[in-house]
1. Determine the dipole magnitude for region 54-172: charges of +1 sit on the beta-carbon of Lys and Arg, -1 on that of Asp and Glu, nothing else is charged, the reference point is the Cα centre, and the result goes in debye to the nearest 20.
2. Can you tell me the length gained on complete extension of the stretch F68 to C98, counting 0.36 nm per residue apart and subtracting the Cα distance?
3. What list of ³J(HN,Hα) values in whole Hz, one per residue of region 80-93 in order, does the Karplus curve 6.51 cos²θ - 1.76 cosθ + 1.60 (θ = phi - 60°) give from phi, with Gly and Pro shown as x?
4. So how strong a dipole does the chain carry about its Cα centre when Lys and Arg Cβ are +1 and Asp and Glu Cβ are -1, to the nearest 20 debye?
5. Over region 55-116, what is the relative contact order in whole percent, taking alpha-carbon pairs under 8 Å and six or more residues apart?
6. Say the dipole of region 55-116 comes from +1 at the beta carbon of Lys and Arg and -1 at that of Asp and Glu; which of G100, M57, S112 then lies farthest toward its positive end?
7. Along the principal axes of its C-alpha atoms, what lengths does the chain span, in descending order and rounded to whole Å?
8. Which residue fluctuates most in the GNM of the chain (Cα springs below 10 Å): D194, D27, D241?
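All of the numbers you see were taken from the coordinates with simple rules; none came from a lab. Just so it is clear, the structure is predicted and the values come from calculations on it, not from any experiment. For neighbour counting, all protein chains shown are included, and Cβ atoms are generated from backbone atoms with ideal geometry for every residue, glycine included.
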Amino acid sequence: MVIAVASGKGGTGKTTVALSLALALGDAQFVDADAEEPNAHLFLHPAITETIPVEMMVPEVELSQCTFCGKCAGFCQFNALAVVNEQVLVFPEICHGCGGCVLACPAGAIRSAERQIGEVEIGTARGLQFVQGRLMPGEPSAVRIVRRELAGVTRDTTAIVDAPPGTACAVQEVIGQSDFCLLVTEPTPFGIHDLRMAMDLADELAVPYGIVINRSGASDYLIEDECLRRGVPMLLKIPFDRRIAEAYSRGACLVDALPEWRPAFERLFEDIRERAGR
């Protein structure tokens, strides 16, 4: 089973929940799919055994064949090509690698080249199979890195995938390939606003999901009312506890710093498995 741990916004405690769930299981795969800001390694200290470069397509133009018709530039939604005075300018840093310009060129003057945009690191950490992606600075999209990470997930053990925050393309990739999505939120106006977008995304992708409230307290009704309205299960509440924040600041996982929480995450997994039909 693949369990995505996601959130509508950053800073809700998504990584705290993902790490705690993986460590409570023990024999599991842990995938840090937040390739723009991977941070699970700060807590797990993995031994990396393999590094895989991730590349994407960029266009190369053969000017001797080009008729300078401008159809390539007209096709590109990201303005990664420009035709100026019988020159074709290519801006690889904003190219999204779709390859449409190659197909749009009637003269066959554009071919596909490759350039590295990041890497995927594979290793082990505390009995877990560990995978994390790293997007190179300045690159516009981590989707290809996330796809490469998920391609390495095996079905012989459960995989916990720490998704990027938000609801953008890389998050859609993670949730769309999962069997269940755990949405971590906080009981604040910002939390409920962004949670609604994450819930809409999970509904659109038809992936079953449940809610974890982190920093739970007097404002939980903000989240509970929305869950009740949508018929979404509330699976776990983690209180606003200074000890948890202090442990996180030291690079300690919740279930290590406060072992009394381990049974709660074990029950959380059983609840997820039941709701996912596994």
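1. Using Cβ point charges on Lys, Arg, Asp and Glu, region 54-172 gives about 260 debye.
2. Contour length minus Cα-Cα distance gives 8.7 nm.
3. The phi angles translate into 7, 10, 9, 9, 9, 6, 6, 9, 10, 8, 10, 10, x, 5 Hz.
4. 220 debye
5. Over region 55-116, the number comes to 51 percent.
6. G100
7. Extents along the principal axes, in whole Å: 70, 44, 35.
8. The residue that fluctuates most here is D241.
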